[in-house]
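*Asks:* What follows is a single structure, and I will ask about it in a moment.
Values quoted throughout were computed directly from the atomic coordinates according to the rules given, and no laboratory measurement underlies them. It should be emphasised that the depicted structure is a prediction, and the values quoted were computed from it without experimental measurement. Ideal geometry is used to build each Cβ from the backbone, glycine not excepted, and the neighbour counts take in all protein chains shown.
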């Protein structure tokens with residue numbers, strides 16, 4: 001991937017996270033500035049990426065994928081950062097996953113040559129945009145989800161009359177009752193499979209089955225409910241009509257968010273067909289993990305004898321903010337809010353406190369219990385000796401709604417010196 005143009009994008013004091021008095025400079029020079037978060041060289045609030053944690057997570061998850069004979073197309077919607085995409089692909093990722101056609105275009109623009117749209121492709125402008133990518137880049141491979149005959153008809157209608165250099169590859173998406181998108185029963189899935197088998201092979205081509213297991217009802221109480229769900233998808237794959245499978249070089253069986261990927265992978269690995277089967281995970285949040293929902297899910301997996309995931313990922317994202325006000329005993333405010341940190345899957349958790357001139361100090365009992373646009377409400381215990389001007393780092397929950405709040409994120413070493421930076425494209 002050629003990221004030279006990205007490295008030449010100019011940053012200045014108008015960019016959130018860059019000092020207001022900084023002269024304009026290209027991203028490539030960020031590591032030469034000598035800025036350090038703890039020295040207050042950067043304005044707060046600031047979302048940072050810890051380089052050591054990023055490298056640890058890439059190694060741990062990469063080893064898991066390789067040792068289990070899996071493939072990985074990380075969900076790029078988590079970061080929407082071309083620099084991180086490049087690191088994931090260099091680490092062996094089969095491709096990238098997108099959630100929207102706009103994300104597909106961003107990925108392709110920055111050199112990603114294989115993209116799976118883990119969503120329904122529908123609508124004139126979207127089909128025309130995908131057609132343009134396929135026709136202008138002979139190396140580009142594109143896949144998308146399909147879950148109804150109505151969607152297939154919509155795709156074929158908008159593709160009719162277009163000169164498509166290669167067919168769009170589709171994965172039948174299997175859903176769960178009460179879940180999100182996806183076919184709800186085998187009879188409907190087989191009917192759609194037959195319709196697809198008799199459709200124009202120059203426009204659409206069957207490539208396999210896919211699911212997103214993270215919305216299956218009840219798994220928050222018992223994740224092993226995913227076993228029969230995953231097994232039913234394996235059984236559907238075995239029941240697909242032979243004319244649909246004819247000519248396939250490989251059969252893709254895809255699932256695996258960032259919480260229950262091991263259950264899906266273990267069950268999908270049992271599928272055997274006359275052609276090679278590629279079990280493709282789409283986990284996206286592994287790259288940074290978090291200090292909330294995903295950490296909890298993976299800790300539970302690690303201690304569950306029924307689960308095969310036994311490794312540790314580290315939280316790479318930290319949100320740094322000032323203690324800006326302590327207007328009454330037991331109540332403090334941090335200089336960050338909904339515009340800066342995620343709040344949809346749990347509020348930030350203070351994990352580190354640094355006082356200029358004194359160094360790191362205990363956090364004490366401190367709970368973020370509400371956020372406004374630019375403020376975080378913190379309830380302090382009697383052991384939390386916070387002062388206005390302290391720097392507090394909070395762990396976040398849900399990386400997908402952390403990156404989208406920042407155009408620029410600095411990458412720091414373990415001493416919090418800025419050594420690099422990434423840009424996002426949401």
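*Asks:* At a 10 Å Cβ-Cβ cut-off, how would you order 100, 136, 78, fewest neighbours first? Walk me through the numbers before you get to the answer.
*Replies:* Values: 100 14, 136 10, 78 24.
Neighbour counts put them in this order, fewest first: 136, 100, 78.
*Asks:* 7 Å from Cα along Cα→Cβ at both residue 239 and residue 304: what's the point-to-point distance in nm?
*Replies:* 2.6
*Asks:* In addition: GNM on the chain, C-alpha springs below 10 Å: top fluctuator among 358, 86, 297?
*Replies:* Evaluated over the chain, the most mobile residue of the options is 358.
*Asks:* Okay, moving on. With a ≥ b ≥ c taken as the square roots of the eigenvalues of the C-alpha gyration tensor of region 37-184, please select rounded if a/c is under 1.5 and otherwise prolate if a/b is larger than b/c or oblate if it is not? It would help to have the intermediate numbers written out before the result.
*Replies:* Working: a/c = 1.96, a/b = 1.74, b/c = 1.13.
It comes out prolate by the Cα gyration axes.
*Asks:* Provide 108, 303 in ascending order of the number of other Cβ atoms located within 10 Å of each residue's Cβ, fewest first.
*Replies:* Values: 108 20, 303 9.
Starting with the residue having the fewest Cβ neighbours, the order is 303, 108.
*Asks:* What share of the DSSP beta bridges in the chain is antiparallel, in percent to the nearest 5?
*Replies:* Working: 37 of 70 bridges.
Roughly 55 percent of the beta bridges in the chain run antiparallel, per DSSP.
*Asks:* Between helix 51-67 and the chain, what is the angle of the helix's C-alpha long axis to the longest principal axis, kept within 0 to 90° and rounded to the nearest 10?
*Replies:* The helix 51-67 is inclined about 30 degrees to the chain.
*Asks:* While we're looking at this one, here's another question. For the chain, what relative contact order do you get, as a whole percent, if you take Cα pairs closer than 8 Å and at least 6 residues apart? Intermediate values should be presented prior to the final figure.
*Replies:* Values: 898 pairs, mean separation 83.7, N = 426.
Here the relative contact order equals 20 percent.
*Asks:* Would you mind telling me which residue in 138, 410, 217 has the biggest mean-square fluctuation in a Gaussian network model of the chain, where springs connect alpha carbons within a distance under 10 angstrom?
*Replies:* Result: 138 has the largest fluctuation of those listed.
*Asks:* Let me ask another. Starting with the fewest neighbours, write out 397, 232 ranked by other beta-carbon atoms found within 10 Å of each beta-carbon.
*Replies:* 232, 397
*Asks:* Between the alpha-carbon centers of region 344-376 and region 130-179, tell me the distance in whole angstrom.
*Replies:* 45
*Asks:* Rounded if a/c is under 1.5, else prolate if a/b is larger than b/c, else oblate: which is region 51-293, with a ≥ b ≥ c the root eigenvalues of its Cα gyration tensor?
*Replies:* Oblate shape, in that a/c is at least 1.5 and b/c is the bigger or equal ratio.
*Asks:* In whole percent, what relative contact order does region 51-293 give with Cα contacts below 8 Å and a gap of six or more residues? Before the final figure, lay out each step's value.
*Replies:* Details: 407 pairs, mean separation 46.2, N = 243.
The normalised contact order for region 51-293 reaches 19 percent.
*Asks:* Is region 227-321 best put as rounded, prolate or oblate by its Cα gyration tensor, with a ≥ b ≥ c the root eigenvalues, rounded for a/c under 1.5, and otherwise prolate when a/b is larger than b/c, oblate when not?
*Replies:* Numbers: a/c = 3.52, a/b = 2.19, b/c = 1.61.
Taking the square roots of the gyration eigenvalues as a ≥ b ≥ c, region 227-321 is prolate.
*Asks:* Using alpha carbons only, how many degrees (0 to 90, rounded to 10) separate the axis of helix 293-302 from the longest principal axis of the chain?
*Replies:* With both axes taken from Cα atoms, the answer is about 70 degrees.
*Asks:* Moving to a separate point now. With label points built 7 Å along Cα→Cβ from the Cα atoms of residue 311 and residue 12, find their separation and express it in nm.
*Replies:* So the label points at residue 311 and residue 12 sit 4.4 nm apart.
*Asks:* Further question: Rounding to the nearest 10 and keeping the result within 0 to 90°, find how far the Cα-based axis of helix 149-159 lies from the longest principal axis of the chain.
*Replies:* The angle comes out at about 90 degrees.
*Asks:* Taking springs between alpha-carbon atoms closer than 10 angstrom, which of 315, 362, 82 fluctuates most in the Gaussian network model of the chain?
*Replies:* The residue with the greatest mean-square fluctuation here is 362.
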